[in-house]
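Structure record follows, encoded as structure tokens.
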Amino acid sequence: MKKICFGLLIIMGITANAQSYKTKNVILITLDGFRWQEVFNGPDSSLLGRKELADVKILFWTNSPVESRKKLLPFFWTEIASQGQLYGNRDKQNLVNVTNKYWFSYPGYSELFTGFADDSVDSNDKKNNPNISVFETANKSETLKDKVAAVTSWDCFPYILNTSRSGIYVNSGNQLVENSNNSPELTLLNDLVGETAHFEDGVRYDIYTFHYAMEYIKANHPRLMFIGFDETDDYSHEGKYDRYLLTAHQSDKVIGELWNWLQSHDQYKDQTTLILTCDHGRGQSENDMWHSHGEKIKGSDQTWLAIIGPDTKAFGEINVPGQIYNNQVAMTIAQLLKIDYKNPKAGKAVLSAITK
């Protein structure tokens, strides 16, 4: 049945342009460089062999990939699997890829936000993105002005989203938040961030990013938001597979907390679509440099996509052959929120994920 429905949605997708959506808010969340292998199969047994990983193996490993992935990512495999859709299990020929040729972060995020790959965006340097994103277009519209925001762990996002031109509120890296209302929660967060030893590369710990994002949502009620987690990529580059798994598990936990909060507040309950993905993949094994990525490392262009919301049919894991791309996320957001994002280069919306 899934195969029939999925095929029909693709064939009939053009009719979705006239569809009336229940979604009034969209939150896009990324887990930087988190591999599809762990999403769909759980921990990689070939990377769990070292003695120092024994405790993590007890937490997440079973002989069944289906059970292992649920232990690692319980929100993904309970809530999203029962109420939403997950794409990218390449063992079932369900493929998600980036279209940019560089296979690392800045080009990957630019593709996500704008809907196309720009070959001139070719480094992680802190240079303003010349391309206009769906977030910028939304922020300059009458209906969504000042209702667009981003809270991120990596400090490059003010440049990727070009805040000097777009006017989007972006809090990133180890940036503290102005606490004009003397919020005790923000006071504590600012103290913790200021007093915690930082990552070397301008990255804030994801748990602080999550709580900053939650405080922003509670205070400002954004309708389009990006939350960018980064520790999965940092620990991967350090070759720390245990920390990579633990931070992914923690991210899944707080995403579940966010979803439950959204469903308990009138503005967001049954009116919010959550989109989860990553900016790039990684190598496929120890020998294939799982800890790194880039155009020379096989598998670095392989990603995944999860979506849950009032306009998403509860198909769960899409286990039939198919191909979608990261460049389709921007137009998916635009279609759900009726953003007039006229970019002929952008990939088409993932209509199978947002067609009732």
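Computed from the coordinates by the stated procedures, all read-outs in this text should not be read as laboratory data. Nothing here was measured: the structure is a model prediction, and the numbers come from that model. Cβ sites come from the backbone with ideal geometry, for glycine too, and all protein chains shown count toward neighbours.
Of the residues that sit in segment 70-83 and are surrounded by 23 or more Cβ atoms within 10 Å (Cβ to Cβ) and in contact with a Leu (Cβ under 8 Å, 6 or more places away or on another chain), which one is farthest from PRO310 (Cα to Cα)? Of everything passing the filter in segment 70-83, LEU72 is farthest from PRO310 (Cα to Cα). For segment 269-290, a residue qualifies if it is crowded, with 20+ Cβ neighbours inside 10 Å, assigned to a loop (DSSP other than H, G, I, E, B) and either in contact with a helix residue (DSSP H, G or I) (Cβ under 6 Å, 6 or more places away or on another chain) or among the basic types (Lys, Arg) (or both), and the qualifying residues are ASP279, HIS280, ARG282. Only residues that are within 27 Å of ASN319 (Cα to Cα), surrounded by 19 or more Cβ atoms within 10 Å (Cβ to Cβ) and not small (Gly, Ala, Ser) were counted in segment 42-60, giving 4. Consider segment 291-332 and keep the residues that are hydrophobic (A, V, I, L, M, F, W, C) and in a loop (DSSP other than H, G, I, E, B). The one that is surrounded by the most Cβ atoms within 10 Å (Cβ to Cβ) is TRP304. Only one of the numbered conditions (1) within 20 Å of PHE157 (Cβ to Cβ); (2) in contact with a His (Cβ under 9 Å, 6 or more places away or on another chain) is violated by LYS240, and that is (1). Among the residues making up segment 161-188, those that are buried (at least 20 other Cβ atoms within 10 Å of the Cβ), in contact with a Ser or Thr (Cβ under 9 Å, 6 or more places away or on another chain) and not polar (S, T, N, Q) are LEU161, ILE168, VAL170, GLY173.
When segment 256-268 is filtered for residues that are under 16 Å from LYS147 (Cα atoms) and in contact with a helix residue (DSSP H, G or I) (Cβ under 7 Å, 6 or more places away or on another chain), only TYR268 remains.
Matching residues to (1) under 20 Å from the mean Cα position of the chain (by Cα); (2) in contact (Cβ under 8 Å) with a residue 60 or more places away in the chain; (3) within 30 Å of ILE324 (Cα to Cα):
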{"residue": "TYR205", "(1), (2), (3)": "yes, no, no"}
{"residue": "THR209", "(1), (2), (3)": "yes, no, yes"}
{"residue": "ASP230", "(1), (2), (3)": "yes, yes, yes"}
{"residue": "ALA248", "(1), (2), (3)": "yes, yes, yes"}
{"residue": "LYS253", "(1), (2), (3)": "yes, yes, yes"}
{"residue": "LYS269", "(1), (2), (3)": "no, no, yes"}
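As for segment 214-224, it holds at least one residue that is without any contact (Cβ under 8 Å) to a residue 40 or more places away in the chain and among the acidic types (Asp, Glu). When residues in segment 91-128 are screened for being more than 16 Å from ASP279 (Cα to Cα), buried (at least 18 other Cβ atoms within 10 Å of the Cβ) and without any contact (Cβ under 8 Å) to a residue 60 or more places away in the chain, 0 of them pass.
For first residues located in segment 169-183 and more than 17 Å from THR196 (Cα to Cα), partners that are in a loop (DSSP other than H, G, I, E, B) and lie 6+ apart or on another chain with Cβ distances below 7 Å form the pairs VAL170/LEU161; ASN171/VAL177.
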